[in-house]
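A.B. asks: Pasting in a structure now, in structure tokens, and then I'll have a few things to ask.
The values are calculated or read from the model by the stated rules, or taken from the named source; none is laboratory data. Note that this is a predicted model, so its numbers are computed, not measured. Virtual Cβ from ideal backbone geometry, glycine too; neighbours counted across all protein chains shown. For accessibility, only protein heavy atoms count, side chains too; no ligands or nucleic acids. Shrake-Rupley method; radii C 1.70, N 1.55, O 1.52, S 1.80 Å.
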Amino acid sequence: MNTITANDLKVALRALGYEPHKDHIKKIINEVDKDSMSNTLVQDEFIQIMQNKLFEQENEEEIGIAFPLFTEGKSDVITIDDLKRIASELGENLSEEVFEEMIREADVLDHDGAISKEEFFRIMKRENAY
């Protein structure tokens, strides 16, 4: 049976444009190769990892496309007014407190009262909303 080493996985991920760290590679292998202590992957495990990485990359692109829809392409941040506009367009009638909580929940990096693109990515990934 063919096996794939940590180094092989690192090379494959680099070919996809990722720059994985040694500890991250070990973590990926340990998550997938739970049955074995070999620290290698069989072909099916390798395919699983690569499909997950490709899926992750596609989702990041979709999140990147979604961000300007919130801002109407006019800003680098999502404001409370942007959230209100989106809610109105969707026919949602939410209280001011709900919008403020949305901003507080997402505005974790710079605490500027708005949602930056990086904060948007974080919240979308965390909530598996993509």
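A.B. asks: Kindly list, by first and then second residue, each pair from a residue in region 4-17 that is more than 18 Å from Asp33 (Cβ to Cβ) to a residue that is open to solvent by less than 70 Å² (accessible area, probe 1.4 Å) and not in a helix (DSSP H, G or I), limited to pairs with Cβ atoms under 9 Å and residues at least 6 apart or on different chains.
C.D. replies: Final answer for the pair search is Arg14/Pro20.
A.B. asks: Go through region 88-111 and give me each residue that's farther than 19 Å from Val77 by Cα, exposed (fewer than 13 other Cβ atoms within 10 Å of the Cβ) and hydrophobic (A, V, I, L, M, F, W, C).
C.D. replies: Once the filter is applied, which keeps residues that are farther than 19 Å from Val77 by Cα, exposed (fewer than 13 other Cβ atoms within 10 Å of the Cβ) and hydrophobic (A, V, I, L, M, F, W, C), region 88-111 yields only Leu90.
A.B. asks: If you go through region 116-130 one residue at a time, how many are touching a residue at least 40 places away in the same chain (Cβ under 8 Å) and open to solvent by less than 60 Å² (accessible area, probe 1.4 Å)?
C.D. replies: The first filter runs over region 116-130 and keeps only residues touching a residue at least 40 places away in the same chain (Cβ under 8 Å), leaving 116-117, 120-121, 124-125, 130.
Filter again for open to solvent by less than 60 Å² (accessible area, probe 1.4 Å), leaving 116, 120-121, 124.
Residues that pass the stated criteria total 4.
A.B. asks: Another one. Going through region 4-19 one residue at a time, which ones are farther than 13 Å from Ile47 by Cα and open to solvent by 60 Å² or more (accessible area, probe 1.4 Å)?
C.D. replies: Restricting attention to region 4-19, the residues satisfying the condition of being farther than 13 Å from Ile47 by Cα are 5-7, 10-11, 14-19.
Passing the criteria: Asn7, Val11, Arg14, Ala15, Gly17, Glu19.
A.B. asks: Could you please tell me which pairs satisfy a Cβ distance under 9 Å, a separation of 6+ or placement on different chains, a first residue in region 59-82 that is on the phi > 0 side of the Ramachandran plot, and a second residue that is at pLDDT 90 or above and assigned to a helix (DSSP H, G or I)?
C.D. replies: Listed by first residue and then by second, the contacts come to Glu72/Asp82; Glu72/Arg85.
A.B. asks: If Glu62 meets every condition in (1) at pLDDT 75 or above; (2) surrounded by 13 or more Cβ atoms within 10 Å (Cβ to Cβ) apart from one, which number is that one?
C.D. replies: Here Glu62 clears every test but (2).
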